[in-house]
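S.K.: To start, I am sharing the structure in question, which I have written as structure tokens.
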């Protein structure tokens, strides 16, 4: 069914709009179409357009337009906010900017979470691949609808591997079943076109804490299989730092041998995790100092240093300004996921703004 799209012209582009008797062009569109094809059909020269916004969000020139979309075109002389500079078309050299994302709550349907996170203005979804609603088997069944929704809302995708698995368990059947869950999730992330994936290191619990050498051996064996799979799929794998209750893989020293062993493995810095039970206040900065060349992804949330509260920025005792200065010192410009788990989803938006303003 054909539906109108609106194209609003600004600045000198309004002279082109006069050809259509008004500054806002309304034209019918039966199905999705490339933005460049629409502009060419309307005889709008691509080299005169500096910035395109679709439904109030900056997009690249290779975007897809859908029936009912609202398009705004800005010319080269128009002032552009810093948040939009990576989307400029006139200057082909892109300036690096941080992209911000948010996690789905896996109790809710993924398609609903995509709509919510897009509505909050995030650049990407970090898809936590946990049941009941985001297990890899469910995601595979809904793959086409998920991909269409991500494209519709212009959201990127990062996948977070299953949280509640035990890849260093002393019982082989549990260990192998957990490893299978992760490997299948990796394949699904690749099928969904994820830009990168986040992995928790192996949890060591139960009797495993009494035979740490054996548990660590199993953790390395599982990690080796996961890294090999990620390399085969050509997907970036980012290992996350945990907290003391994990019994391992929470101090910077725990990761030195890991990164020596696996040269393609990257690092996710979870700021909240690094703050827990750190009386010195230096653990996080040591992570940054040791692994800045591997740092490819960040999780942000606040806490009071006792547990993983996932509070909004400013609600705990973490000195984010000091952390941001450390990140800026070496030019960090990768992805940042807001891990704020409060009832009010607006806290995600507020925390993103607080972090970005400090940056």
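S.K.: Only one residue in 291, 262 is on the phi < 0 side of the Ramachandran plot and in contact with a strand residue (DSSP E or B) (Cβ under 8 Å, 6 or more places away or on another chain). Which one?
M.R.: When all the criteria are applied, what remains is 291.
S.K.: Has the stretch 180-199 got any residue that is farther than 24 Å from residue 297 by Cα and either in a helix (DSSP H, G or I) or under 19 Å from the mean Cα position of the chain (by Cα) (or both)?
M.R.: Among the residues of the stretch 180-199, at least one is farther than 24 Å from residue 297 by Cα and either in a helix (DSSP H, G or I) or under 19 Å from the mean Cα position of the chain (by Cα) (or both), which makes the answer yes.
S.K.: Checking residue 203 against (1) in a helix (DSSP H, G or I); (2) modelled with pLDDT under 95: exactly one of these is not met. Which one?
M.R.: Failing condition for residue 203: (1).
S.K.: Still on this structure, I have one more. Being more than 30 Å from residue 346 (Cβ to Cβ) and assigned by TED's automatic domain parsing to the domain that holds residue 190 is the requirement here; does residue 294 meet it?
M.R.: Answer is yes for this residue.
S.K.: Hey, among 156, 193, 206, which residue is on the phi > 0 side of the Ramachandran plot and touching a strand residue (DSSP E or B) at 6+ places or on another chain (Cβ under 7 Å)?
M.R.: 193
S.K.: Could I ask something else about it? Determine if the stretch 150-157 includes at least one residue that is part of a strand (DSSP E or B) and under 30 Å from residue 333 (Cα atoms).
M.R.: For the stretch 150-157, residues part of a strand (DSSP E or B) and under 30 Å from residue 333 (Cα atoms): present.
S.K.: May I ask you to list the residues in the stretch 49-65 that are surrounded by fewer than 18 Cβ atoms within 10 Å (Cβ to Cβ) and either assigned by TED's automatic domain parsing to the domain that holds residue 156 or without any contact (Cβ under 8 Å) to a residue 60 or more places away in the chain (or both)?
M.R.: 53, 55, 56, 60, 61, 62 - these are the residues of the stretch 49-65 that are surrounded by fewer than 18 Cβ atoms within 10 Å (Cβ to Cβ) and either assigned by TED's automatic domain parsing to the domain that holds residue 156 or without any contact (Cβ under 8 Å) to a residue 60 or more places away in the chain (or both).
The values are calculated or read from the model by the stated rules, or taken from the named source; none is laboratory data. These numbers were taken from a predicted model, which means no experiment stands behind them. Neighbour counts run over all protein chains shown; Cβ positions are idealised from the backbone, glycine included.
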